[in-house]
Amino acid sequence: MQLARFSPYGEQTHRIHFEQEFDFLAFNKNLVDMLPGKEIIIAFDPCFIPKAGKHTYGRVNMSEPNTNYFDKEICNEDLTIYTAVVYSKAFGRDIKLAIAVFFKDGREITRKLYFSTDLDQAGRQIVGKL
């Protein structure tokens with residue numbers, strides 16, 4: 001790691017602190033609570049969740065959103081957005097979920113998951129593509 005080179009603390013101190021658990025959810029909730037205003041957009045990369053992808057416990061399949069439940073919003077040939085109101089266990093409330101599918105030269109290049117606590121917010125606003 002070599003953090004000790006850039007810090008007054010030794011390598012062992014850094015190792016001990018990195019081995020401790022950290023409540024990222026509480027940390028991020030506190031950050032959001034400190035922000036002014038009503039519109040807050042948070043995005044995360046689900047590949048960092050230990051059970052992410054096809055093994056995630058839940059009902060949302062990012063690779064094949066259920067078209068009976070998700071609304072499809074086509075912005076242009078470079079972006080398709082699927083939106084739905086879903087229940088979030090982490091927040092203990094409903095959230096507006098937006099799955100953005102990005103294309104380049106007609107081929108899918110990536111998918112990203114966005115959400116908002118404003119259930120009336122449009123998918124384009126959640127993704128930031130007005």
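What follows draws every value from the coordinates through simple rules; no lab data is involved. In this text, all values refer to a predicted model and were calculated from it rather than measured experimentally. Counting neighbours? That spans all protein chains shown, and the Cβs are built from the backbone with ideal geometry, glycine included.
With θ taken as phi - 60° and the Karplus curve 6.51 cos²θ - 1.76 cosθ + 1.60 applied, the whole-hertz 3J(HN,Hα) list for segment 84-99 is 6, 8, 10, 8, 9, 5, 4, 9, x, 7, 6, 9, 8, 9, 10, 9 Hz, x standing for glycine and proline. Rounded to the nearest 0.05, the FRET efficiency derived from the C-beta distance between residue 75 and residue 26 at R0 = 41 Å is 0.75. For residue 112 and residue 3, FRET efficiency with R0 = 30 Å and r from the beta-carbon atoms, rounded to 0.05? Here the calculated transfer efficiency is 0.50.
Applying the criteria of a DSSP loop state and at most 14 other Cβ atoms within 10 Å to the chymotrypsin sites (Phe, Trp or Tyr not before Pro) of segment 53-126 yields 57, 69, 91.
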